[in-house]
Amino acid sequence: MARASASCPRFRSARNSGKGGKAYGDGMLDRPFCRTLLQKTDSEALAMIRKWVDAGNPMAIYNLGNLYEYGRHGLEKNVTRAVELYERAADLGVSAAHFNLGVMYMMGTEVEEDMDKAFRHYEAAAMSGDVDARFNLGCLEKNAGNNDLALQHFLISAKLGCDGSLSNVKRLLMAGLATKADYAAALRGHQKAVEEMSSPNRAEAKALGFAKIQLV
């Protein structure tokens, strides 16, 4: 299959460690990890992350890569080192590392564009339940003219609560590329996912910093 270029509008960008607040997570770190880091200064947190990296902790490896990608916690920005750490974390099963690598290889701004690698990493992340990766796959398949595949990706991610995917299913319906049954199923699944994400446990997880990977 011919790979699309990275021109898809509204694609989901890489998780940036530097936006608002000091939070560690994205639902993959255990709570003691998060709570410990939240109590530390930047230098103390970096030292602790390095210690966990040396011990082979997958999320610590991912987080250190994130710090290098954006030059946080006193580290000089080093995209090459970030990619090395992301690749290592991805090999250990961290879906966020696959997602960020997918974005980097798709955009080709700081690494050489490689759409085959982008698809491979997005697919690995999507198979682990990463909604943004599934959305991006849908965008890229749509750009490539693979409307059936795009619809399947958007249906899956809409049912996981992705607003953009639900909107794209509706657009495909209006263009005659999806059925009313497709949109109805996406809408029901989306509503159910939103209700589940509004549960008290979800709210508590967000308060602890599990909703975004932010390491300022």
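Where a number appears in this text, it was derived from the coordinates with a stated rule and is not lab data. Here the structure is a predicted model, which is why all the values come from computation and not from measurement. Positions of Cβ are backbone-derived with ideal geometry, glycine not excepted, and every protein chain shown enters the neighbour counts.
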Handout entry: region 42-113: C-alpha gyration tensor shape, a/c 1.5 cut-off, then a/b vs b/c
Key = oblate
Problem - Of 51/159; 142/192; 77/142, those spanning more than 28 Å from alpha-carbon to alpha-carbon - result: 51/159; 77/142
Exercise for the section: Give me the net charge of residue 173's neighbourhood, meaning all other residues with Cβ under 15 Å from the Cβ of residue 173; Lys, Arg count +1, Asp, Glu -1. Expected result: +3
Completion exercise
The ³J(HN,Hα) series, computed from each phi in region 188-196 with the Karplus coefficients 6.51, -1.76 and 1.60 at θ = phi - 60°, rounded to the nearest Hz and given as x for glycine or proline, is 4, x, 5, 4, 5, 5, 4, 4, 5
Fill in the blank from the handout: Sequence order, region 127-141: Karplus ³J(HN,Hα) from phi using 6.51 cos²θ - 1.76 cosθ + 1.60, θ = phi - 60°, Hz rounded, Gly and Pro as x, gives 5, 8, x, 6, 5, 5, 5, 5, 4, 5, 4, x, 4, 5, 5
